[in-house]
1. Only one of these is under 25 Å from A:Pro84 (Cβ atoms), acidic (Asp, Glu) and either part of a helix (DSSP H, G or I) or within 8 Å of chain B (Cβ to nearest Cβ) (or both): A:Asp273, A:Asp246. Name it.
2. Please count how many residues of segment B:276-297 are buried (at least 20 other Cβ atoms within 10 Å of the Cβ) and away from every other protein chain (no Cβ under 11 Å).
3. Quick check on this structure: which one of B:Phe237, B:Phe232 is free of Cβ contacts under 8 Å to residues at least 60 places away in the same chain, within 14 Å of chain A (Cβ to nearest Cβ), surrounded by fewer than 24 Cβ atoms within 10 Å (Cβ to Cβ) and not acidic (Asp, Glu)?
4. Condition first: in contact with a Phe, Trp or Tyr (Cβ under 7 Å, 6 or more places away or on another chain) and either of a type outside the set (A, V, I, L, M) or closer than 22 Å to B:Gly156 by Cα (or both). Now tell me which residues in segment B:209-241 satisfy that.
5. Restricting the search to segment A:42-65, which residues are assigned to a loop (DSSP other than H, G, I, E, B), more than 17 Å from the chain's Cα centre (by Cα) and either surrounded by 24 or more Cβ atoms within 10 Å (Cβ to Cβ) or in contact (Cβ under 8 Å) with a residue 40 or more places away in the chain (or both)?
6. In segment A:251-268, which residue that is within 12 Å of another protein chain (Cβ to nearest Cβ) and in contact with an Asp or Glu (Cβ under 8 Å, 6 or more places away or on another chain) is nearest to B:Ala268 (Cα to Cα)?
7. Within segment A:298-314, does at least one residue satisfy the condition of being within 14 Å of chain B (Cβ to nearest Cβ), out of contact with any His (no Cβ under 9 Å at 6 or more places or on another chain), among the β-branched types (Val, Ile, Thr) and buried (at least 22 other Cβ atoms within 10 Å of the Cβ)?
Protein chains: 2
Amino acid sequence: MTTPISHPFYLDCDTGIDDALALAYLLASPQADVRGIGTVSGNVSAAVGARNTLDLLQLAGHAHIPVALGAHDPLAGEFGGGAPWVHGANGIGEVQLTTASAGLASESAAEMLVRLAHEHPGTLRVLAIGPLTNVAEALRLEPSLPALVEEITIMGGAALAPGNISPVAEANIHNDPEAAAEVLAAGWDVTLVPLDVTMANVLEECHRQELLAAAGPVPRALGEMLGYYFRFYEGIFGRPCSAMHDPLAAALAVGGVKAAVAPVVHAAVDTTDGPGRGQTVCDLRGSYLGYPEQPGARCRVVLSLEGDFAPHLVETLLTFAESSTAALAAGAAVPAPA
Amino acid sequence: MTTPISHPFYLDCDTGIDDALALAYLLASPQADVRGIGTVSGNVSAAVGARNTLDLLQLAGHAHIPVALGAHDPLAGEFGGGAPWVHGANGIGEVQLTTASAGLASESAAEMLVRLAHEHPGTLRVLAIGPLTNVAEALRLEPSLPALVEEITIMGGAALAPGNISPVAEANIHNDPEAAAEVLAAGWDVTLVPLDVTMANVLEECHRQELLAAAGPVPRALGEMLGYYFRFYEGIFGRPCSAMHDPLAAALAVGGVKAAVAPVVHAAVDTTDGPGRGQTVCDLRGSYLGYPEQPGARCRVVLSLEGDFAPHLVETLLTFAESSTAALAAGAAVPAPA
């Protein structure tokens, strides 16, 4: 067995229950070497997201990874207060974690991204699973960022699937359409992981029970958070389960799962004030011919996966059951399974 | 066998190859009593559409049906010149029909629609298969039109399917988004027949050959037109065939086919100048639960059909093979099959 190549990663997130799953997935993946994490307002405020990220890192035994506070407000307008009905008031489903001893980095999230890109020119991978404010700010700070970054993977948008914050818009993009428009228009190849694929790959109660039954505190904490998340998604799917937005983007970014249908197409973000605000307008008119090449297009839109994601996700997260007993011994507070 | 109930119909069209098919389908359907036809610029100018409509009516032995000229320009802006690459320069695939002896009605299309609604209060069915300029103008002329009309069926829009004139917009709606917005916002129940269902119900070359082999001039003329249409659609589907936009809307309006999935949802039209201009923003977020009821929603969006449409369409059109020998004898010029 060969050791997988480990890629330096910058994670931009708004932690959030599915962000917590994505973070844990990255930490458990030997292909990912997370060098820094920036937070942005989305599911929760950037500050609450940073708090959750620090606490999760400590729980997982990765307190050395620096966390930078990012933008509180989108490029235009103000932060709307997040989605407590989805993620809980604290963003992680009312699960109480031990407060981490580590503090925030002295740089901003955008500054961290630019610094890491210069430290790892041509090899840094960016995974953005919140609104794209920090990434847009980093592009403004360093216009050559696209040439320095190896890959950027974004959880966001809805191509042919319905939206989740409006009939046609997905929340990450809708929370800062102006930033998303700048990021998609920058001169790099973007992998977009939209609702088309994240709503089609669902974690079920049986998977949650596997996490809750694990020995380590990380899977158990995630399983507890998912209890809250499942209750929201019961109103969407009619049963306790959930979409796997952010961890699926993480798995695509590290190569843990592969896309089946993922055409590279022209894509734009609707920044009007009309009913399409925040929509990712992806040109999928070639669908009837299997998506012929679109010259100049740089947005790879993941529409379906090879294989089944949920078992891979659970298996990866369960590696924490062995590896983080140290964190457990350090007194991480995790509620007992309900 | 009982005689089907015949409903008075007003047809609004931009004739157009698939408009010609829809017109012939209506004329051949005992459930439809076409009392008037208005034309609008779309596939061709309103004037060319009226010429084609008059000529087709004469060919089909229905020269008594009045044809009114409608709007040349959309509510905002100017007519863009139509789609000769789809429908041919004359709008009917370069097929030459004998010029009808009947002239245009003295009223406008909008005036005709209002008059017919008053003459058939509560029973008039409106079938709109072009841009909605005339219907919007009729609503302005007679704000109580929604209460007078029994049903309005519109070929237009794209719900979850890609657009055909932009990544997200369908041509009829995109050609006059302001009119479409007024029509969808008026106080009536609308049946929308979008690309989701019209692109999924395709006429193949075998069906075209059945039309060409018919004895009467109407099926043969339609088969010839379809030759032109198929060449355009070969670039979309990769084989000679075509979508059946307008005749499918006609068949749904008369009840010749039935919708399988057709949720009643909130729908709006994007009238911004952004990338979503002309999009029909339909709220299909309930798809994962089988579309629960949306209080106040009045737009029925047809997403799929019961059964196979093409054989029904061909069978209906072939009834002209017997019925219009009189027109043939009158010297209708129809080119020989290629």
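Every number in this text was worked out from the coordinates using simple rules, so none of it is lab data. Quantities reported herein were computed from a predicted structural model and do not represent experimental measurements. Note: ideal-geometry Cβ built from the backbone for every residue, glycine included; neighbour counts use all protein chains shown.
1. From the options A:Asp273, A:Asp246, the qualifying one is A:Asp246.
2. Within segment B:276-297, the first condition is being buried (at least 20 other Cβ atoms within 10 Å of the Cβ), and the residues that meet it are B:276-285.
From what's left, away from every other protein chain (no Cβ under 11 Å): none.
Number satisfying all stated conditions: 0.
3. Testing whether each residue is free of Cβ contacts under 8 Å to residues at least 60 places away in the same chain, within 14 Å of chain A (Cβ to nearest Cβ), surrounded by fewer than 24 Cβ atoms within 10 Å (Cβ to Cβ) and not acidic (Asp, Glu) leaves just B:Phe237.
4. Selection gives B:Gly216, B:Pro219, B:Phe232, B:Ile236, B:Phe237, B:Pro240, B:Cys241.
5. A:Ala60, A:Gly61
6. Ranking the candidates gives A:Ala267 first.
7. So far as segment A:298-314 goes, yes, one or more of its residues are within 14 Å of chain B (Cβ to nearest Cβ), out of contact with any His (no Cβ under 9 Å at 6 or more places or on another chain), among the β-branched types (Val, Ile, Thr) and buried (at least 22 other Cβ atoms within 10 Å of the Cβ).
Let's see how each residue does on (1) under 13 Å from the mean Cα position of the chain (by Cα); (2) surrounded by fewer than 24 Cβ atoms within 10 Å (Cβ to Cβ); (3) among the charged types (D, E, K, R); (4) over 22 Å from A:Ser287 (Cα atoms):
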{"site": "A:Pro121", "(1), (2), (3), (4)": "no, yes, no, yes"}
{"site": "A:Leu127", "(1), (2), (3), (4)": "yes, no, no, yes"}
{"site": "A:Glu137", "(1), (2), (3), (4)": "no, yes, yes, yes"}
{"site": "A:Ala147", "(1), (2), (3), (4)": "no, yes, no, yes"}
{"site": "A:Glu151", "(1), (2), (3), (4)": "no, yes, yes, yes"}
{"site": "A:Ala159", "(1), (2), (3), (4)": "no, no, no, no"}
{"site": "A:Asn164", "(1), (2), (3), (4)": "no, yes, no, yes"}
{"site": "A:Asn172", "(1), (2), (3), (4)": "yes, no, no, yes"}
{"site": "A:Val193", "(1), (2), (3), (4)": "yes, no, no, no"}
